[in-house]
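These notes are about the structure you will find just below.
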Amino acid sequence: MDIQAYIASGVLESYVLGIASPEETAEVERLAKQYPQIKAEIEAIRASLEAYIMQHEQVPPASLKKKIWYKLEQLDTDEVSMPEEISLNSSRETKTGRNFTMYWLAAAVTGFILSIGLNAYLYNQLTDTKQQLAAATTRNQSLSASLQVRQTDYTQALAELEILRNPDNRPIFLGGQEPAPGAAVMVYWNKDKQQVHLAVHNLPAPSPDKQYQLWAIVDGKPVDAGMLELKEQGPQLQKMKNIGKAEAFAITLEKKGGNPTPEGQIYVLGKV
């Protein structure tokens with residue numbers, strides 16, 4: 001038996017509050033004898049409820065006491081106004097009725113106070129549960145989103161590693177030219193599959209209206225190999241346009257979106 005799941009089901013609270021079904025009551029009492037954890041939880045619930053009621057106990061207003069005694073005095077007056085023979089013959093019954101009335105009034109007042117405390121207790125328990133559930137849901141959503149991002153990064157890292165480890169992908173270093181002597185870019189070219197990937201190690205950030213463009217030098221003429229998207233975090237590989245033949249690769253700074261032929265300065269250049 002999963003004792004913790006049974007404790008968390010709420011049946012013990014129903015048992016303590018007296019709202020459990022006869023079947024549930026019998027089951028709780030049987031299990032309490034069998035499992036000390038369940039018995040201890042019942043005692044803890046009772047202690048918690050009693051402490052809460054004592055903490056939030058409210059003294060009835062003095063006017064309520066006066067009203068109760070006024071009603072009792074009316075009962076006594078009614079008894080005196082009755083015929084003597086009836087009053088004498090029913091004195092025992094009247095005394096018993098008055099005791100019952102006092103007991104009923106006391107029980108009613110006590111029940112009213114207990115009901116207020118119980119409702120407040122249950123409301124606070126429900127509110128706390130809702131808050132805990134909302135917090136847990138938020139944490140789960142945050143963890144799920146973080147895990148998804150990490151899974152994407154991991155998958156991308158594996159793909160890039162395969163490109164770097166593939167001996168058919170020839171690495172070509174593009175060194176900095178006059179506009180940026182410290183610039184550095186690596187091109188990985190698979191001639192058989194005509195695939196081109198590059199990793200930017202160092203390039204000056206362009207102005208918003210400018211963009212870097214990769215060129216393959218084929219028979220002495222530049223061929224568009226795609227536009228660069230600079231990454232904020234490290235030299236991540238970018239897939240460029242397919243190139244089947246090249247003598248060299250170069251990167252120029254062009255207008256946003258690129259040009260059919262290079263117009264800007266060459267920032268990096270490397271021979272195959």
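Quick look at the numbers
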| item | result |
| --- | --- |
| Cut-off 18 Å, label 7 Å out along Cα→Cβ of SER207, residues of region 237-270 by amide N | 252-259, 263-267 |
| Sites ALA26 and GLU50, calculated FRET efficiency, Cβ-Cβ separation with R0 22 Å, nearest 0.05 | 0.35 |
| Label-reachable residues, region 208-251, where backbone N falls under 11 Å from a point 7 Å from GLN194's Cα toward its Cβ | 242-245 |
| Hypothetical label at LEU164: residues of region 228-272 whose amide nitrogen lies under 18 Å (7 Å Cα-Cβ projection) | 231-240 |
| Mean separation of Cα contacts under 8 Å, 6 or more apart, over the residue count of region 166-272: relative contact order % | 31 percent |
| FRET E, pair GLN265, THR138, Förster distance 45 Å, beta-carbon r, rounded to 0.05 | 0.35 |
| Residue-wise HN-Hα coupling along region 5-11, computed from phi with Karplus coefficients 6.51, -1.76, 1.60 (Hz; x: Gly, Pro) | 5, 5, 5, 6, 6, x, 5 |
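No lab work stands behind these numbers, since they all come straight from the coordinates. As the structure is a computational prediction, the values presented were derived from the model and not from experiment. Note that we place each Cβ from the backbone using ideal geometry, even for glycine, and neighbour counts take in every protein chain shown.
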